Structure formats: C-alpha cells, structure tokens
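Derivation of every value follows stated rules applied to the coordinates shown; laboratory data play no part. Just so it is clear, the model here is predicted, and its values are computed rather than measured. Cβ placement follows ideal geometry from the backbone for every residue including glycine, while neighbour counts extend to all protein chains displayed.
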Amino acid sequence: MVRWLLRLALALVIGFTITVGLIRARPYDGSAIRQFLLPPPGCPAPCWQGIRPGITNTDAVLRLLRDNPWVESIQPQFYLGYGNGWITWQWNGSQPPLTARSGQDSVGIYYSTVQNISIMTRIRYGDLLLALGGPDWTKQDVLDRTVYLDNAYLAASFLVKFKLACGVPVKRRWFEPVMIFWTHRLESGGLRTRLPHAATCDA
C-alpha cells in the first residue's frame, strides 16, 4: 500500500513538472500589446488611434475621440482660448483590457495641435519588454522618495513610464503597470540606466 502511494505521488509530481515546463516553453504572445500601442499601417509614428502628436489639430482629435468605439465621453479643458489645454475621456467598457480606466488618460493640446497622448495601462513592465524588446534608452529621476523611470521606444515615438518607492527591490519593476506617453518631441539621446538591486533615492 505504501509503495503504491509513493508511486502515485511520484507520478503526480512528474506530471505537474511536465505541465509547468510545457507552459513555460510556450512562446510569449505579445500581439495584443503591440496592436494596442504600435502605429497602424498608414499612420506614421507617433500615432495612436489615428491621433498624431505634432500633426493632429484640435477639431480632428475631438472628432476622432467622439467617433472612437471605445470612448464613452470626452471632457475638453481649454485655457487661454480654444487652442491650449487638454482633453480627457472615459472608456465605455469595450476597449481592450489593457487599459486601466484611470480617468486620467489625456491628449495635450498646444496652439491647436496635439502635443502628446498619455494613457495609463494595466500592462506590466515585464510583459511590455517581452512584447516590444528592450528600450532605446532609459532615464531615472527621484522626487519625494519615489524613483521615476522613463523608457524610450524611438521607432514608435513613446515613453514607457512607471515608478517605484525608494528601497523597494528593483525586481518589482517587472510587475509594475506602465503609462504610455506618445510625443513627437522624443529625443534620440539618453542613457541606458542599469538599476541597483533596490530603488534608491541617493544622489
């Protein structure tokens, strides 16, 4: 009886090990992330949902957001006239599950032209790296005991942004949700920052 139980336990362990191995051997499918973030054919970067920082004007972006099947409502907020400010929106629930529905997603407007697009996502930094590969450069800033990290993807003209509290193990970065910031003013310079084992606020 004992020998039979041992054989059963061994078979279960082997079966579990093989299953885990097969799951891990499956290639990562980042197609949903790439489809959501990267510019579609015919819309040169920077571009998201037909909105192009540096090109799209105020009237066009209002029309594109109103016609977007994922958007429930928009909230324009202008100052010093119609051509400066930002537009926020609310998702209607049919958008890809990658969005965070933060209510803080926005399009920045200056002199009647879109300057940037900012969207908070549920995409974890590690998943984004698997989908897009490593960034062209990274930058680290410290403010109020928080480390802010920017990762630039020049071909797509966006920054991947997230933050870590000081002292948190840097391995946590793989699980942090990221904000995507499209801009036509993305510089080609920058540094590849190698982070220490813990986020530090030391100068």
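Of note:
- The chymotrypsin sites (Phe, Trp or Tyr not before Pro) of region 80-114 that DSSP puts in a loop, and whose beta carbon has at most 11 other beta carbons within 10 Å, are TYR111.
- VAL107, VAL178, VAL168 arranged by Cβ crowding within 10 Å, fewest neighbours leading: VAL168, VAL178, VAL107
- Region 2-183 shape via C-alpha gyration tensor axes, a/c threshold 1.5: prolate
- FRET efficiency for ALA155 and GLU176, using Cβ-Cβ distance with R0 set to 22 Å, rounded to 0.05: 0.45
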